[in-house]
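Only one structure is covered here, and it is reproduced in the block below.
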Amino acid sequence: MKILIVEDEPKVVAFIKKGLEEQGYEIDVAFDGQMGERLALKNTYDIILLDVIIPYINGYELCKKIRVQNQNVPIIMLTALGTTDDKVVGFDSGADDYLVKPFEFKELIARIKAHTKRASGVIKTQNLLKISDLELDLDKKNVRRGGKTIDLTAKEFALLEFLMNNKGRVVSRPEIAEKIWDIRFDTGTNVVDVYINILRKKIDKDFEKKFIHTRIGLGYFLDDK
């Protein structure tokens, strides 16, 4: 399995690289955004570990550039910027996960293993899912509401598809994490809540009728009632 690390702090690179190589991973390293872009677009990686504050091209912009060419490679951002707003920017840029420094190496390994497993569990029963004025096209990979096209990342699309396939049923955070991210244990991440908030902004914000609902202490559900 081949991993790209884009990080400008030599000590951090040495720490991560040594640990991952001991786990059997093949590692490439880029110390700035330009080198990271060249490697990410030239080579095939199983996962990319991406710092945010790096020279020439910051991590957010680099993530966007990678996503134009590759929607599938998992990207985990490793950064000291740990506010919810920072995480939202990261996820909006196309990141799959966000690990705040300092972190324990075993948590990084857990995240890598979770994101490199084959995604499973999302039921696809038809090529077009429709609830009221919300449409999700599984073939064209696009979403429309009220005739307006809504741009979603690959993970946002998968989460919305899962919620639509489970219309009216409350799904817990652990269930969502397992189905969409293949995380089968509590890593302490709030990635589910962050993605739900992103979806709400994109799906519900500009419409009077809200589809995505919270059942406090239990989870989330999508319904048009």
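Select, from L152, L134, L129, the only residue that is of a type in the set (A, V, I, L, M, F, W, C), surrounded by 15 or more Cβ atoms within 10 Å (Cβ to Cβ), in contact with a Leu (Cβ under 9 Å, 6 or more places away or on another chain) and closer than 30 Å to Q34 by Cβ.
Working: L134 fails: closer than 30 Å to Q34 by Cβ; L129 fails: closer than 30 Å to Q34 by Cβ.
From the options L152, L134, L129, the qualifying one is L152.
Conditions: (1) among the hydrophobic types (A, V, I, L, M, F, W, C); (2) in contact with a helix residue (DSSP H, G or I) (Cβ under 7 Å, 6 or more places away or on another chain); (3) under 17 Å from P74 (Cβ atoms). L160 meets all but one. Number of the miss?
Evaluating L160 over (1) among the hydrophobic types (A, V, I, L, M, F, W, C); (2) in contact with a helix residue (DSSP H, G or I) (Cβ under 7 Å, 6 or more places away or on another chain); (3) under 17 Å from P74 (Cβ atoms) leaves (3) as the failure.
Does I203 fit the bill of being open to solvent by less than 60 Å² (accessible area, probe 1.4 Å) and touching a residue at least 60 places away in the same chain (Cβ under 8 Å)?
Yes.
Restricting segment 159-184 to residues that are outside any helix (DSSP H, G or I) and either aliphatic (A, V, I, L, M) or open to solvent by 50 Å² or more (accessible area, probe 1.4 Å) (or both), which is farthest from E107 (Cα to Cα)? First the steps, then the outcome.
Step one: of segment 159-184, the residues outside any helix (DSSP H, G or I) are 166-172, 182-184.
Right, trim to either aliphatic (A, V, I, L, M) or open to solvent by 50 Å² or more (accessible area, probe 1.4 Å) (or both) and you get 167, 169-171, 183-184.
Working: K167: 33, R169: 31, V170: 28, V171: 25, I183: 12, R184: 13 Å.
Within segment 159-184, the match that is farthest from E107 (Cα to Cα) is K167.
The values are calculated or read from the model by the stated rules, or taken from the named source; none is laboratory data. Remember, it's a predicted structure, so these values are computed and weren't measured experimentally. Quick reminder, even Gly has a Cβ in these numbers, built from the backbone with ideal geometry, and neighbours come from all protein chains shown. Please note that ligands, DNA and RNA were not included when accessible areas were found on the heavy atoms of the full protein model with its side chains. Shrake-Rupley method; radii C 1.70, N 1.55, O 1.52, S 1.80 Å.
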